[in-house]
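The values are calculated or read from the model by the stated rules, or taken from the named source; none is laboratory data. In this text the structure is predicted, and so the values were computed from the model without any measurement. Cβ atoms come from the backbone with ideal geometry, glycine included; neighbour counts cover every protein chain shown.
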Amino acid sequence: MNNKMIKKLVMIFTVFCTAAAALGISYQYLLPLYLSYKLNKDLSDASAIGIIGGADGPTTIYLSGSVSPGLTAVFAVFAAIGIAYLLITKRKHS
């Protein structure tokens with residue numbers, strides 16, 4: 001593979017990892033924070049929140065136990081490595 005192809009693959013992988021890390025952070029930290037403010041409930045121990053609502057019944061909110069945020073950290077590290085690689089190769093070619 002030539003350098004352009006590798007650079008494109010790294011860029012795609014970096015964008016994917018950045019998006020996955022952002023989604024992980026938003027679902028693990030920002031969504032529970034927003035719902036605890038909106039619903040006036042303590043959601044600090046919840047890691048996953050499911051909201052089920054129907055037209056003919058009440059809305060139900062399910063909270064699950066805590067899950068370690070390791071996967072989000074892995075995606076964040078991969079995104080940082082990809083960004084660093086892209087910046088270094090850009091400097092080399094400049």
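Brief remarks follow.
- Among the residues of the stretch 17-39, the one identified as loosely packed, with under 12 Cβ neighbours inside 10 Å and among the hydroxyl-bearing types (S, T, Y) is Y37.
- With respect to the conditions (1) in contact with a Ser or Thr (Cβ under 9 Å, 6 or more places away or on another chain); (2) aromatic (F, W, Y); (3) at pLDDT 75 or above, Y27 lacks only one, and its number is (3).
- Candidates A76, A46, A21 - the one that is modelled with pLDDT under 80, touching a helix residue (DSSP H, G or I) at 6+ places or on another chain (Cβ under 7 Å) and among the hydrophobic types (A, V, I, L, M, F, W, C): A46
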